[in-house]
Amino acid sequence: DTKPTREGGLLGRLFTRPGAAPVVRRTLDDDMLEQLEELLIASDMGVDTALRVASNMAEGRMGKRLSTQEIKTLLADEVTRIMEPVAKPLPLFPKKPQVVLVVGVNGSGKTTTIGKLASQFRAAGKSVVIAAGDTFRAAAVEQLEVWGQRAGVPVLKAAEGSDPAALAFDALTKAEADGADLLMIDTAGRLQNRADLMEELAKVIRVIRKKDPSAPHNTLLVLDATTGQNALSQVETFRKMADVTGLVMTKLDGTAKGGVLVALADKFGLPIHAIGVGEQIDDLAPFDPQDFARALTG
Ligand code: GDP
């Protein structure tokens, strides 16, 4: 069992043996390197990233005796180095209204994230309009309306089952007429029918571009961090459907090990604009690479 323990952090097991007292230092040999790789893979980092991270940590240090603290620092530095380039707040463009298209599979936290973002924008003095673009899920529209009320932001909806592209177009028209700063468009996330979904998203994008060729200004992919390596295939899928410009990682307050963020950054280099750290309206935080690295390392 190579699952990282909470007490010793991710690397705790390198310095403990069953039935023996934990050691403070250990010689970095092939055995330890292999164990390190296993721990990193078990943290959701994915095989490729885990092997590269372990190899960078070991470079020039084979045969040296390392303390728990030294190896933790090496890992934290390596993780910070990978994550720093992707830690970027959502870019705001002078264009008004700025269109933020929000994509992701059902259950990833799209609705919640839109509500949290709308609330943050409102607090920053921006006027926001939300379009409930998942017109086939009545429950999703209702949820979004609840979040709209919480954030103090109007939510535009259409009849159940109606064309999301038409709604997006009408919403952009209204946002323009109202002089809104931002339009956030929710979208469907039923991956069971990819071809349909791809066509639907493509049409939404095509239609809003008829009004504003520069839109959408941001296409946010919301990913549930607790789905581990699945998040990687979701990026690949949604990138085929839309020009994803950035990520929001949700549910990092739970049991998610978070290693998948390192894999995502290493593999795709997409900006992480924010992280979800709970179910309440204020539970959306900027992504801080150093805090993240420290939390992951333990
Ligand atoms: P959607 O189907 O993608 O729109 O997903 P929802 O926004 O409805 O979220 C699905 C579930 O995840 C809900 O129960 C949310 O409360 C929960 N959720 C969303 N974001 C977070 C988060 O950052 N932390 C936690 N703990 N739960 C979250």
Rounded to 5, percent antiparallel among DSSP beta bridges of the chain: 15 percent
Student exercise, the stretch 120-270 dipole from Lys, Arg, Asp, Glu Cβ charges, in Debye to nearest 20: 260 debye
At R0 = 30 Å, FRET efficiency that the Cβ-Cβ distance of Arg65 and Lys267 yields, to 0.05: 0.35
Theoretical FRET efficiency, 1/(1+(r/R0)^6), r = Cβ-Cβ of Asp77 and Arg150, R0 35 Å, to 0.05: 0.30
Given the chain, longest segment not containing exposed loop GluC sites (Glu not before Pro) (DSSP; at most 15 other Cβ within 10 Å): 161-278
Segment Arg209-Asp196, length gained on full extension (0.36 nm per residue, minus Cα span): 2.7 nm
Size of electric dipole in the chain: Cβ of Lys, Arg +1 and of Asp, Glu -1, about Cα centre, debye, nearest 20: 380 debye
R0 of 51 Å, Cβ-Cβ distance Asp178-Arg294: FRET efficiency to nearest 0.05: 0.75
Electrostatic dipole magnitude of the stretch 1-115 [Cβ: Lys, Arg +1; Asp, Glu -1; Cα centre; debye, to 20]: 600 debye
Asp48 paired with Arg17, simple spin-label distance in nm, labels 7 Å along Cα-to-beta-carbon: 3.7 nm
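Here, each number is a calculation from the coordinates, and none is a lab measurement. These numbers come from a predicted model, not from an experiment. Ideal geometry is used to build each Cβ from the backbone, glycine not excepted, and the neighbour counts take in all protein chains shown.
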